[in-house]
Every structure is written in structure tokens, then in C-alpha cells.
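Contents: one structure, followed by commentary.
The values are calculated or read from the model by the stated rules, or taken from the named source; none is laboratory data. Computed from a prediction, not measured in an experiment: that's the story for all the values here. Neighbour counts are summed over all protein chains in view; Cβ atoms, including those assigned to glycine, are modelled from backbone coordinates with ideal geometry.
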Amino acid sequence: MTGIDTATAAGLSGQTAAPRAAKSAATAASDFQSFLKLLTAQLRNQDPLSPLDSTQFVEQLASFSSVEQQIETNRLLEELAGSFRSAGLETVTPWIGKTATVEATGVAFTGAPLTLAFPDSAYGAPSEIVVRDANGNAVYRGSVPAGATEFVWNGETIAGPPAASGKYAFVANYSDGEKTIASAPLLFSAPVVEARLVDGAPRLVLDGGAIVDPAAVISVRDGAAE
């Protein structure tokens, strides 16, 4: 079981923003030094009888100062954003080692049987289970035995050969006896093995490789998945 050190995460969260701020600051410093050298050279070589207009230099100095202040403000804001991202990660790291339940919209199948639960529904028990691959193609359809409360899939397919390893979506269809009247994703439970930042947002990695948004987690409990 692997996790992530929140102190390390804080550093990682700022790595994308810090180089931009550092590069902008270095560029501004270089331009400012070049401007000062040019100003000094012009003042040294100006015609005493026709001195240069100092107003423009003062205005440019003020502009450079404003740019430097803006770059520093941006750097501080980026550091603050990194702190917020790290704080978001810290809220989900306690879930590592616990079992999370999510909708089975992208469950990894590796050849071992998968056990999925039926969602609570006002329509009662589902009449049919449909399994779709990553392209949305139905690879399995099967009726639900009376009294069943879960679905175990061992890779059985409509075509016959076992399903290839990959991610699959599992849907329960509900019927009124003649036609399908509702559908809902099955529920998949797995241990949380890692918390990480993805594009600056906290994500949970489940056993098997699924990466989920914490907001998509329906429940979290202690212990391994049943």
C-alpha cells in the first residue's frame, strides 16, 4: 500500500507555478539592468547644450517598478494557490487504507473476477446488467437472477472470448416488465492506495488503478472491500 507525503505534495504543487514566477522575475531584472545601463550611457553622452528630457526616463522607471511589483504579487499568489492545493490534498490523505465506494463507470478489469453492488433504487431490483468498454461498446448483457444483491463479472462477453484487460462501465437496467424504464451505474468498492494532485486538484487512486475525484466517492469505510 502506498501513500503520499503531504509535505512533499506541497512542494510538488508549487513546482509548476514557481518556475514561471522565477523566469518572469529574472527577465524583469535583466531588462531593468539594461535600461539603467542605457540611461547612464545617454546621460553621460548627452549634449550639455541640449540635455535629454528626463521626464521620459522617470516615467519608464516608474513603469519598470510597477512591473516588478506585479511580478512579485503574482509570485505570492501562486505560492498561496499551491498552499491551498496542498491543503486540499491533506483532507483526503486520511482516506488512504480505507475502502471507498464509487459508481462503476471506469473500473479496471485485469482478468480477476469483479464484484459490484446494485445501487439503491425506487424501481426495485435491476432486470439486466450491461458492461461497456472504454469506447462505449456493450461487451456483456445478462439478466439478473431473482434475489441477487450483487453482480460478479469474470470477463464473460457477448462475443464469447474473455474480455481484454482494461476499464469498463457497469450499468443496471430497470424494467417495468416490457421495456427499460431506468438505468443506473453499479457500485464498486476498493481500497484507497494513494492520494495525488492531478492538474492541481486532489484525486484518489484506488486499488486496481482507478483515479477518482473525492467528490465522486459515495462512502468511505474502514477495512478492505468485501
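Of all the listed residues (Ile181, Ile218), the sole one being in contact (Cβ under 8 Å) with a residue 60 or more places away in the chain and more than 19 Å from Tyr140 (Cβ to Cβ) is Ile218. One residue alone among Arg203, Arg132 is among the charged types (D, E, K, R) and under 30 Å from Thr91 (Cα atoms), and that residue is Arg203. Counting only residues that are over 17 Å from Leu116 (Cβ atoms) and in contact (Cβ under 8 Å) with a residue 40 or more places away in the chain, segment 128-163 holds 1 of them.
Summed over segment 91-120, residues that are part of a loop (DSSP other than H, G, I, E, B), crowded, with 16+ Cβ neighbours inside 10 Å and aliphatic (A, V, I, L, M) total 2. In the set (1) surrounded by 14 or more Cβ atoms within 10 Å (Cβ to Cβ); (2) at pLDDT 85 or above; (3) not charged (D, E, K, R), the condition left unmet by Phe64 is number (2). Within the group Tyr168, Tyr174, Tyr123, Tyr140, which residue is of a type in the set (Phe, Trp, Tyr) and either exposed (fewer than 15 other Cβ atoms within 10 Å of the Cβ) or assigned to a loop (DSSP other than H, G, I, E, B) (or both)? Every option except Tyr123 fails the conditions.
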